[in-house]
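First comes the structure, then the notes that go with it.
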Amino acid sequence: MATPKVTLKLLINKKTNKVLFAEAGKDFVDFLFTLLSFPLGTVIKLLSKNRMVGCLGNLYQSIEELGDAFFQPKIGKATVLNPKIPFRPSGSTLLLSDGGEDGIGSTTRKFYLCPSYHKNVADNPRAKCPQCSSKMRLEFSFLKAPPAGVNSEEGGFVKGVITYMVMDNLEVKPMSTISSITMLNKFNVQEVGALEEKVIELGMDEVTLSVFPLALFMGLNLLKASLQSQTVLTNVFLGA
């Protein structure tokens, strides 16, 4: 079975050593759109509190160090430190995954009922039914239906029949010959010889860097750069 890969074609200005834009398929665009669904607690957990810009890393650490006795019993510290992502459509590219239950790798959300099947639903098994006071411990899964007219087998956020242009600052638009020429004019590219195409392939099972697969390592860098820079693709793929 072939190893899944996320492929990007970067158009690079060799004179400035900057990415002008990337030609990408739905897999990479789905990943970028998934970044917007991450709760802040998940972002801090993925990047680690020491890599966060500003004070949010300190806030996360203070919650880690607080004892469980300080938190409401129906919520718990884990709810704050490991928030659930509201929705990620099935088929989205998993460049980032914490492997946790209901985490980034989850394609469904879990909900809970009381043993008496009263008409109450909770997303935390420690919650109590307001009618019978029993814990809401009967688990069931919520599957989000695809929008009307969308191929449910394809999954993800965007359609796969389209090639997308991803700018260095992560703007996304449909790819076309006219849009490519417009971008070259915008960046005042005078010599075609100054341009270079570079193909990036991120395999899900590639050689590891430290403890991370290469795709996960790149995914973390893309997430981090998107919070700090307007030249994300250049920073991550050219090291500039």
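Derivation of every value follows stated rules applied to the coordinates shown; laboratory data play no part. Source: prediction; values computed, not measured. Glycine gets a Cβ as well: all are built from the backbone with ideal geometry, and neighbour counts include every protein chain shown.
Numbers below:
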item	result
Hits among lysines - C-alpha to C-alpha of K77 under 21 Å, sequence gap 8 or more where chains match	K45, K49, K110, K128, K135
Estimated inter-spin distance, L227 and N185, nm [label 7 Å along Cα→Cβ]	3.9 nm
Net +/- balance of residues flanking L81 in space, Cβ distance below 10 Å, scoring K and R +1, D and E -1	+1
In nm, spacing of pseudo-spin labels at L81 and R51 (7 Å Cα→C-beta vector)	1.9 nm
Stretch gain in nm, segment I178-I162, where the contour uses 0.36 nm per residue and the Cα spacing is subtracted	4.2 nm
Sites Y117 and E64, calculated FRET efficiency, Cβ-Cβ separation with R0 41 Å, nearest 0.05	0.65
For the stretch 13-64, with +1 on Lys and Arg beta carbons and -1 on Asp and Glu, the positive-most of I44, V19, F33 along the dipole	V19
Candidate lysines - alpha carbon under 21 Å from K18, same-chain residues fewer than 8 apart omitted	K9, K173, K186, K198, K224
Residue order, fewest to most surrounding Cβ atoms within 10 angstrom, among D30, D123, D68	D68, D123, D30
